[in-house]
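Structure record follows, encoded as structure tokens.
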Amino acid sequence: MASNQLEPWLLENGNLKGLSKEIRHGRTAHNMSSSSLRKKSDLKLISKVPCSLLRRFLANLQEVILGTKLSVLFPAIPLAIVAQCFGFGRPWIFALSLLGLTPLAERVSFLTEQIAYYTGPTVGGLLNATCGNATEMIIAIFALGQGKIEVVKYSLLGSILSNLLLVLGTSLFCGGIANLGREQKYDRRQADVNSSLLLLALLCHLLPMLFRYAGASAADLSTVDSSLHLSRASSIVMLIAYVAYLVFQLWTHRQLFEAEEEDDNAVSEEAAVIGFWSGFAWLIGMTVVIALLSEYVVQTIEDASDSWGLSVSFLSIILLPIVGNAAEHAGAIIFAFKNKLDITLGVALGSATQIAMFVVPLCVIVAWIIGIKMDLNFNLLETGSLALAIIATAFTLQDGTSHYMKGFVLLLCYLVIGACFFVSKTPLHHGNSINFGSAPKATETLFGSA
């Protein structure tokens, strides 16, 4: 009875039960992982509110704000704003902003899924591809605007490393422990596509660094300019490859990337819980709040580094991705427990691919447009960590089966890399000014003279 009363004003565009099977099955692994943290809302009390406009607003508020298990973290958002306005300790602003970003990232995924009910799987997939890593993208843009190129590089590198090693490693380890009596299998085809794209991204990162090394001196302006031009050209190639990947994922080979539903009965009962325009308005509002908190994070990260005695590289590469994507990471681990590794791989590899092939080159192009010289040279230590993470992940996923030992090894790799950046005290503004020296001198230093 209550559901019949709610349906006309919750579903502003009409009844959605007539949606085609294609649309209902068009959910991505990213959406599925986030859905594991949602909880059903009891709207019986709200249905008794006499004013239809107020009733609709309260219902949307219930679904968007209280419809997640992470709703307890929402108070961190106003606390961060108050702390900023009244000049509280800047490390506190940094910590509260990070906590506030956690539920916002999960809610953006929820809202894109709600909008996809009206637009269909293709447009919904494009929207998810754009907003799937909105937090990282917005933080990177604000950091670029303030000229903090190192923070941009560190945060994006950290997102890739955390997805490939921490999320995937934890998921495979926990899934293997929870399913000791069963062999865990997954579709290798999706993993192969993502691994190929990640290797292409690695090549685009390696060449500018090697090009500068071959130029013998980082102070050589012609070498620096050539490396920058190479980075911009490589970024355009990466964006073209990402567009081709979207065509492959959403049109020609969609069946490889569609997430498995837990049961067909649940599919037939699915319907949007908020209207199209309500979802669109909430999505814009969430994006504005993410932008505000991202600005706080960028402004206060150096103060937090000084106060806590941790390097900016450690905060950006390790802490920022873990907290910012905690909801998505938790969802991936939950599905690994359920022996649904295709969804787990879709989350970890899909997110890493999106960062490497879309967000990173987009930042280079945006920096080019606004007159900032950002290249793809992430320096030797960072690029080496990225290379080892991609290679280790590719080897781990090559046979289509999984056990806890594979996840354990990936976790150990992440632990070692995290320890490396923990002890690293590289100044924030060192940029790319590392002088490798001439090739013969570097060789002599490493291996000794003959």
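The values are calculated or read from the model by the stated rules, or taken from the named source; none is laboratory data. Remember, it's a predicted structure, so these values are computed and weren't measured experimentally. Every residue, glycine as well, gets a Cβ built from its backbone with ideal geometry; the counts of neighbours run over all protein chains shown. Note: areas computed on protein heavy atoms with side chains; ligands, DNA, RNA excluded. Shrake-Rupley method; radii C 1.70, N 1.55, O 1.52, S 1.80 Å.
Solvent exposure of the stretch 311-374, expressed per residue, is 25 Å² of accessible area, with all protein chains present and a 1.4 angstrom probe.
The stretch between residue 253 and residue 425, if pulled fully straight at 0.36 nm per residue, gains 57.4 nm over its current Cα-Cα span.
Peptides 289-300, 335-346 ranked from most to least packed, by the mean per-residue count of other Cβ atoms within 10 Å: 335-346, 289-300.
Using the Cβ-Cβ distance between residue 65 and residue 119 with R0 set to 30 Å, the FRET efficiency works out to roughly 0.80.
With the highest mean first, a sort of the peptides 193-202, 365-374, 241-250 on other beta-carbon atoms found within 10 angstrom per residue produces 193-202, 241-250, 365-374.
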